[in-house]
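First comes the structure, then the notes that go with it.
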Amino acid sequence: MNYWERLSHLKLMSLQRRRERYVILMMWKTYHNVVPNSCNIKFVETTRYGTKAVLPSLSKSSSMRNQTLYDSSFAVRGPKLWNKVPSDVKADELLTVLKPVCRSFLL
C-alpha cells in the first residue's frame, strides 16, 4: 500500500492537513482567549465573512530571506488559514464541536 492508501485505510489525515488543523485550532483558541495572543493577531468582524484575522504587514523592500521567514511564521500562516475557514465553522463556541467540523472541512 502506498502512503495515501494507508492514510485512507487508517482514517488519518496527511501531515500537512494535521498541521493545518492544529493551526486553525490554535487560531480559534487565540480568538476565544483560551491561549495568550503572543503574536498580537488582530481579529475583525465583517458582515459578509464573519470573523477575519488581519495579516501583519511586511515592507516591500525586504530581502527574500525575510519574506520567506514572514510567510512561514505562525503570525501569517494562522490568519491565512483562519480566513479560508467558512464562517459557520469559525462560529462554533465549543472546541469539542469545532474539532470534527474542522476535520471534515480539511478533508
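The values are calculated or read from the model by the stated rules, or taken from the named source; none is laboratory data. The model shown is predicted, which means the values in this text are computed figures rather than measured ones. Using ideal geometry, Cβ is built from the backbone for each residue, glycine included, and neighbour counts are taken over all protein chains shown. With ligands, DNA and RNA removed, areas are computed over all heavy atoms of the protein, side chains included. Shrake-Rupley method; radii C 1.70, N 1.55, O 1.52, S 1.80 Å.
Hey, can you tell me all the residues within segment 78-96 that are surrounded by fewer than 16 Cβ atoms within 10 Å (Cβ to Cβ) and more than 14 Å from Lys29 (Cβ to Cβ)?
Across segment 78-96, the qualifying residues are Lys80, Lys84, Pro86, Ser87, Asp88, Ala91.
Arg21: surrounded by 15 or more Cβ atoms within 10 Å (Cβ to Cβ) and part of a helix (DSSP H, G or I), yes or no?
Values: surrounded by 15 or more Cβ atoms within 10 Å (Cβ to Cβ): yes; part of a helix (DSSP H, G or I): yes.
Judged against the criteria, Arg21 is a match.
Considering only helices (runs of 4 or more DSSP H) fully contained in segment 41-96, which possess at least 3 residues that are over 19 Å from Arg21 (Cβ atoms)?
Details: elements: 64-72, 74-84, 87-90.
Here the list reads 64-72.
What number goes with the only condition from (1) aliphatic (A, V, I, L, M); (2) open to solvent by less than 60 Å² (accessible area, probe 1.4 Å); (3) within 14 Å of the chain's Cα centre (by Cα) that Val35 does not pass?
Going through the list (1) aliphatic (A, V, I, L, M); (2) open to solvent by less than 60 Å² (accessible area, probe 1.4 Å); (3) within 14 Å of the chain's Cα centre (by Cα), Val35 breaks only (3).
Per-residue answers, yes or no, for (1) over 25 Å from Ser14 (Cα atoms); (2) in contact with a Leu (Cβ under 7 Å, 6 or more places away or on another chain); (3) charged (D, E, K, R):
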| residue | (1), (2), (3) |
| --- | --- |
| Glu45 | yes, no, yes |
| Arg48 | yes, no, yes |
| Thr68 | no, no, no |
| Ser72 | no, no, no |
| Val76 | no, yes, no |
| Trp82 | no, no, no |
| Ser87 | no, no, no |
| Thr96 | no, no, no |
| Phe105 | no, no, no |
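Of the numbered conditions (1) in contact with a Lys or Arg (Cβ under 7 Å, 6 or more places away or on another chain); (2) among the small types (Gly, Ala, Ser); (3) open to solvent by 70 Å² or more (accessible area, probe 1.4 Å), Gly50 satisfies every one except a single condition; which is it?
Answer for Gly50: the failing condition is (3).
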